[in-house]
Amino acid sequence: MTAFPADLLSREGVQIRQMYANVFLLSSPQGRVVVDTGALTYAPAFGRLLRQFRPDAVLVTHAHVDHAGGAFVAARWGLPVLAHPLEHPHLTGERHELPYPAGMPRVGAVISRLHPKVPARALRSVEAGEDLWGWQVIHLPGHSHGQIGLLRNGVLIAADAVLSAPDGRGGMRAALPHAPYNADHAQAIHTLRQIAELDLRVIVPGHGGPLTPGQVRERAARDI
């Protein structure tokens, strides 16, 4: 059982689509934005989503290929692609560090190079504290150095700063990506603890279903 109303996300204008990673469709009086683009294999479906939803922009929380695999589609549509400036070199193909497969950086670099990239002219930088269509940009470093999320009315879109995983008892729990998948695992733990201190109603991770603040605080209390 969750401690937030089932319709909370819809009342805040949040829709979720699973394209390996979660893709978010955000509607507000200020406009529409799609958050993350899913994996490359979902690029045709992502294109259809853009055609149906007609957003003002696409925001990429971080440049890992499961979240940014369809960003090139948005650029081809002429949409601005928003991301933290630390993620830009990975989106354009200037850099190719990818933390998976774990412990195999050369394979990760090959995977990165095989993915279509976003032209620099399509990118727009966003920083912590900015207001985007009624949502506040939050810097959530650790999993990647430039990872960001969005916050509005106690709803946090948290990217991979936290994950939703089975708890072994038929329910779900908050989890962190394993250390090899984080650019800075100590920073990822610190970011999770910062999230746990926020006044939130629901946390929506980059993978899995929504989490309660209590679930996130429970995970944040652990040392590793």
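Working from label points 7 Å from Cα in the Cα-to-Cβ sense, the Glu197 to Arg95 distance is 2.6 nm.
Couplings for segment 75-90, taken from phi via the Karplus curve 6.51 cos²θ - 1.76 cosθ + 1.60 with θ = phi - 60°, read 4, 5, 7, x, 7, x, 9, 9, 6, 4, x, 5, 8, 4, x, 6 Hz in order; Gly and Pro are left as x. Scanning residues 5 or more positions from Arg124 or on other chains, those with amide H under 5 Å from its amide H are Val81, Leu82, Ala83, with H placed 1.01 Å from N in the peptide plane. Per residue, the solvent-accessible area of segment 1-67 (1.4 Å probe, heavy atoms of protein chains only, all protein chains present) comes to 46 Å². Of the beta bridges in the chain, as assigned by DSSP with both residues counted there, near 65 percent are antiparallel. For GluC sites (Glu not before Pro), the sites in segment 83-146 that DSSP calls loop and that have at most 11 other Cβ atoms within 10 Å are Glu94, Glu127. Working note: Karplus 6.51/-1.76/1.60 with θ = phi - 60° gives segment 210-224 the couplings x, 10, 8, x, x, 5, 5, 4, 4, 5, 5, 6, 7, 7, 10 Hz, where Gly and Pro are set to x.
Using helices alone, what [θ] at 222 nm do you get for the chain, with -39,500 (n - 2.57) per DSSP H run of 4 or more residues, divided over all residues and rounded to the nearest 500? The helix contribution divided over the chain gives -7000 deg cm²/dmol. In segment 1-111, Cα pairs under 8 Å separated by at least six residues give a relative contact order of 17 percent.
Taking all Cα pairs closer than 8 Å and separated by 6 or more residues, the relative contact order of the chain comes to 15 percent. Taking packing as the residue-averaged number of other Cβ atoms within 10 angstrom, the listed peptides 51-58, 211-218, 183-190 run from highest to lowest as 211-218, 183-190, 51-58.
Using a probe radius of 1.4 angstrom, the carbon and sulfur fraction of the accessible surface of the chain is 53%.
Residue-wise HN-Hα couplings along segment 98-110, as the Karplus relation 6.51 cos²θ - 1.76 cosθ + 1.60 with θ = phi - 60° gives them from phi, are 9, x, 8, x, 4, x, 10, x, 5, 5, x, 5, 5 Hz; Gly and Pro carry x. For Leu132, the residues whose amide H sits under 5 Å from its own are Val137, ignoring neighbours fewer than 5 places away on the same chain, with H placed 1.01 Å from N.
The values are calculated or read from the model by the stated rules, or taken from the named source; none is laboratory data. Owing to the predicted nature of the structure, the values given are computational and were not obtained by experimental measurement. Glycine also receives a Cβ, built like all others from the backbone with ideal geometry; neighbour counts cover every protein chain displayed. The protein model used for the area step is the full one, side chains on, heavy atoms only, and it has no ligands, DNA or RNA in it. Shrake-Rupley method; radii C 1.70, N 1.55, O 1.52, S 1.80 Å.
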